[in-house]
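K.L.:
Take a look at this one; I'll ask things after.
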Amino acid sequence: NNFVQNGNFESGTPPGSDESICFAEHWCGIWPKNQFSTGDYYNLLSGPIWGPNVMLFPAEQEKVGGFWCRMQQSQSEWREGIMNELKMPLPAQSGKYNIKFRLACILGSFGQPILDIFGVNTTGLATATPPITGSFPLNENLFQNATPVRLASYPLPATCDEFFKTVTLEFDAGILQDDITHLFFTRSDDIQNQIGGTYLVIDEVCLQLKEGVGIEEYGQSPGFTLYPNPTDENVVIALNGPQYSDASAIRFLDVSGKVVYQQSLNHRTELSLSISSLPKGFYVVQVLSGNKVLGIRKLVRG
């Protein structure tokens, strides 16, 4: 399940001009356009970008997002990025994730450009404060009421060219203090003392829970196991240890904190439950003794 909405940029109509990323559904700039640069939205099948010599291959990537990944310390007009509204919040402390996308570089590159990917908990797209300069404020200080967290970095190799290549990066949601609702791509702050950049074109953005990673690794409740995790239908709950001798029930909460399912244990230490009636998403599973929580795990219903 992809957290990114419209990751292939196919929903929307590119207008054939730059500063147009907001025409792609669920995408926009990081900050409002106004007099500031944001990002672009193109259809490669409509012809070259910026003139007859700027081609991307294969053109069958069709609709794509693009922006300058460029550090110009004093020029805010070259500071750009694109932002996506996630399908649902990605919970903190919920496991390891892959961010996968197709990437091409055009118009050449200079210096040592680095792409950074951030997660942030905010309301709406293009809600950051427009940058004052090309290097201030830092990415983590762009939002007044939220603190973006850098999820991954990708130094652009010298071999990055007009041919699309697949990039896969990984992050651990253990670094998050809060759920994230939006993802954004922009140039890194790590090149403060350098000047470097290229124009990036991105497509097929996918953010998924990494396969084979059990959420139980990230809890503080030894002896409480859920498997398989993620699951699409059935889950086995196993309790092992004297700390669960008084356990009386299992309770499921959705990401809003609402109780969506509860089951008495009746002195059982292992049971199999069908959760096919629950909507896909993340759930907190609690082991209860009366109103006391004995253990907690996060479960993904895929």
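The values are calculated or read from the model by the stated rules, or taken from the named source; none is laboratory data. All values derive from a computational prediction rather than experimental measurement. A quick note on method: Cβ atoms are made from the backbone with ideal geometry, for glycine too, and the neighbour counts reach across all protein chains shown.
K.L.:
Looking for whichever is assigned by TED's automatic domain parsing to the domain that holds Glu162, of a type in the set (A, V, I, L, M, F, W, C) and within 18 Å of Leu156 (Cβ to Cβ) here; the options are Met55, Met71. Which one fits?
P.N.:
Working: Met55 fails: within 18 Å of Leu156 (Cβ to Cβ).
Selected residue: Met71, the only one of Met55, Met71 that is assigned by TED's automatic domain parsing to the domain that holds Glu162, of a type in the set (A, V, I, L, M, F, W, C) and within 18 Å of Leu156 (Cβ to Cβ).
K.L.:
Against the condition in a strand (DSSP E or B) and either at pLDDT 95 or above or not assigned by TED's automatic domain parsing to the domain that holds Ala59 (or both), how does Phe118 come out, does it pass? Reasoning before the result, please.
P.N.:
Numbers: in a strand (DSSP E or B): yes; either at pLDDT 95 or above or not assigned by TED's automatic domain parsing to the domain that holds Ala59 (or both): yes.
So Phe118 fits the description; yes.
K.L.:
Let me ask you something else. What's the number of the only condition in (1) in contact with an Asp or Glu (Cβ under 9 Å, 6 or more places away or on another chain); (2) closer than 17 Å to Cys28 by Cα that Tyr154 fails to meet?
P.N.:
Tyr154 satisfies every listed condition except (2).
K.L.:
Looking only at residues in region 210-252 that are closer than 19 Å to Lys96 by Cα and hydrophobic (A, V, I, L, M, F, W, C), which one is modelled with the lowest pLDDT?
P.N.:
Val213
K.L.:
Separate question: Would you mind stating whether Thr129 is in the same structural domain as Gly39 (by TED's automatic domain parsing), of a type in the set (Ser, Thr, Tyr) and surrounded by fewer than 16 Cβ atoms within 10 Å (Cβ to Cβ)? First the steps, then the outcome.
P.N.:
Numbers: in the same structural domain as Gly39 (by TED's automatic domain parsing): yes; of a type in the set (Ser, Thr, Tyr): yes; surrounded by fewer than 16 Cβ atoms within 10 Å (Cβ to Cβ): yes.
For Thr129, the condition - in the same structural domain as Gly39 (by TED's automatic domain parsing), of a type in the set (Ser, Thr, Tyr) and surrounded by fewer than 16 Cβ atoms within 10 Å (Cβ to Cβ) - is met.
K.L.:
Inside region 273-302, can you point out the residues that are touching a residue at least 40 places away in the same chain (Cβ under 8 Å) and not in a strand (DSSP E or B)?
P.N.:
Matches in region 273-302: Ile275, Ser276, Lys280, Gly290, Gly302.
K.L.:
I'd like the full set of residues that are over 21 Å from the mean Cα position of the chain (by Cα), among the hydroxyl-bearing types (Ser, Thr, Tyr) and either outside any strand (DSSP E or B) or over 12 Å from Val201 (Cβ atoms) (or both), limited to region 36-71.
P.N.:
Once the filter is applied, which keeps residues that are over 21 Å from the mean Cα position of the chain (by Cα), among the hydroxyl-bearing types (Ser, Thr, Tyr) and either outside any strand (DSSP E or B) or over 12 Å from Val201 (Cβ atoms) (or both), region 36-71 yields Ser37, Ser46.
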